[in-house]
């Protein structure tokens, strides 16, 4: 089996752009502001083909080895993740538009990003990703995606079986 080392990168708007959008405090004038609050509306959208979106709570329960063996994707929805507890690492990959089925990740595009807990991100539809890797004992996220996504729009690929590959994340 081939082992590829991926250096963990800083999560910035530019570095994450091929995979989706960063959800952070905008550097623009708020839509509404007073002595008690600043509010920015429409800072990003969850893309769904039809139907409703839902919020989910995700607890990643334990630290685990920095070895990624699987990736998942959603064809019909983006997926937003907002960290609420802990720091972690998230692994992403672009779809392989040259594959016959077009439903596999492009293994050359795999990247890992450090999530410091101060901003979230929104994966584009068809972007491959995996469960975040906590840097402490656990990490928690609020997820937002199309209702029914885990049951109806979840594809998982085992990198070992499909590509004879494992990805080691390097700090």
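Residues in segment 123-171 that are under 19 Å from residue 57 (Cβ atoms) and in a strand (DSSP E or B): 123, 129, 133, 134, 139, 140, 141, 142, 143, 144, 145, 146. Out of the residues in segment 50-84 that are closer than 23 Å to residue 133 by Cβ and at pLDDT below 90, state the one that is surrounded by the most Cβ atoms within 10 Å (Cβ to Cβ). Ranking the qualifying residues of segment 50-84, first place goes to 63. Residues in segment 94-122 that are in contact (Cβ under 8 Å) with a residue 40 or more places away in the chain, in a strand (DSSP E or B) and under 22 Å from residue 166 (Cβ atoms): 105, 111, 112, 113, 114, 115. Does residue 14 fit the bill of being out of contact with any strand residue (DSSP E or B) (no Cβ under 7 Å at 6 or more places or on another chain) and at pLDDT below 90? For residue 14, the condition - out of contact with any strand residue (DSSP E or B) (no Cβ under 7 Å at 6 or more places or on another chain) and at pLDDT below 90 - is not met.
All conditions in (1) surrounded by 11 or more Cβ atoms within 10 Å (Cβ to Cβ); (2) within 19 Å of the chain's Cα centre (by Cα) hold for residue 2, with the sole exception of (2). Here are the criteria: (1) surrounded by fewer than 21 Cβ atoms within 10 Å (Cβ to Cβ); (2) modelled with pLDDT under 95. Tell me which single one residue 114 does not satisfy. Failed condition: (2). Pairs are defined by a Cβ separation below 7 Å, a sequence spacing of at least 6 or placement on different chains, a first member in segment 6-27 that is touching a residue at least 60 places away in the same chain (Cβ under 8 Å), and a second member that is loosely packed, with under 13 Cβ neighbours inside 10 Å and in a strand (DSSP E or B); the pairs so defined are 6/170; 7/170; 8/170.
For segment 11-49: of the residues being exposed (fewer than 10 other Cβ atoms within 10 Å of the Cβ) and within 21 Å of the chain's Cα centre (by Cα), which is nearest to residue 164 (Cα to Cα)? Per the criteria, the residue is 14.
Residues in segment 17-50 that are out of contact with any strand residue (DSSP E or B) (no Cβ under 6 Å at 6 or more places or on another chain) and within 20 Å of residue 73 (Cα to Cα): 17, 18, 45, 47, 49, 50.
The values are calculated or read from the model by the stated rules, or taken from the named source; none is laboratory data. Keep in mind it's a predicted model, so treat the numbers as computed, not measured. FYI the Cβ positions are ideal-geometry reconstructions off the backbone, even for glycines, and counts take in every protein chain you see.
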